[in-house]
Amino acid sequence: MAAEKHSSTRRRVLGAAVALPVLALTGLPAPAVIARSGATRQSSPADALWTRRLARYRRLHARWKAEAETGAFRQANDEYNQARADLIARFGSWEKALRSRIGKPLCAAAFARVSAAEDVYYDRFTAPLNRAAIRLVLTPAPDLLALLAKIEVIHGHGLDSDDDMRRTPIEVLRNDVERLGKR
């Protein structure tokens, strides 16, 4: 490879490949990178697959975030926090409420409601988003912006080889960099 004359495209790809892990650790603005990544050209079925999976990931991410900020999950957490504050005010502390004959069932009921809401939130929003993230990461990146988006998804979801991934994230990224470097 050293004997070959590097094109400016190859040089840019190799330079970005070296910088990507450092940029990922410094905390790239994920929404900006993921948003720009959709501007890839659709010159092949593989590019179209990336675009579809990215669009699905974006939709699921928006639903997940909206539910956390304003939906039933947010409401359940607000109600739990209010019930907890009321019990602390009434009994002096959460621990005292838990030790009280009257407070213990009230604490348990408040916790059961928020726990049920968390289970629903996970099943309806978090699990589908994680599956979409894994599918997106396993899809070949068509360009450098897609590769940056992929790094942000890996970092944002804390994906690792034990998360239903057939390959380790670093192996996936390495394959993308090798493939993009040959273009």
Take the stretch 117-145 and flag every residue that is out of contact with any Phe, Trp or Tyr (no Cβ under 6 Å at 6 or more places or on another chain), more than 25 Å from residue 73 (Cβ to Cβ) and touching a residue at least 60 places away in the same chain (Cβ under 8 Å). 140, 141, 143, 144, 145
Output for Cβ contacts, cut-off 8 Å, separation at least six or different chains, first residue surrounded by 21 or more Cβ atoms within 10 Å (Cβ to Cβ) in the stretch 146-170, second aromatic (Phe, Trp, Tyr) and modelled with pLDDT of 95 or more, reads 146/50; 153/57
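Assess whether residue 78 counts as being without any contact (Cβ under 8 Å) to a residue 24 or more places away in the chain, loosely packed, with under 14 Cβ neighbours inside 10 Å and either on the phi > 0 side of the Ramachandran plot or within 26 Å of the chain's Cα centre (by Cα) (or both). So that I can check it myself, show each step before the final result.
Values: without any contact (Cβ under 8 Å) to a residue 24 or more places away in the chain: yes; loosely packed, with under 14 Cβ neighbours inside 10 Å: yes; either on the phi > 0 side of the Ramachandran plot or within 26 Å of the chain's Cα centre (by Cα) (or both): yes.
Answer is yes for this residue.
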Considering each of 138, 180 in turn, give the residue that is surrounded by 14 or more Cβ atoms within 10 Å (Cβ to Cβ), within 28 Å of residue 45 (Cβ to Cβ) and more than 22 Å from the chain's Cα centre (by Cα). 180
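Somewhere in the stretch 93-102, is a residue without any contact (Cβ under 8 Å) to a residue 12 or more places away in the chain and of a type in the set (Val, Ile, Thr)?
Looking through the stretch 93-102, at least one residue is without any contact (Cβ under 8 Å) to a residue 12 or more places away in the chain and of a type in the set (Val, Ile, Thr).
The values are calculated or read from the model by the stated rules, or taken from the named source; none is laboratory data. Quantities reported herein were computed from a predicted structural model and do not represent experimental measurements. With ideal geometry, Cβ positions are generated from the backbone for all residues, glycine too; neighbour counts draw on all protein chains shown.
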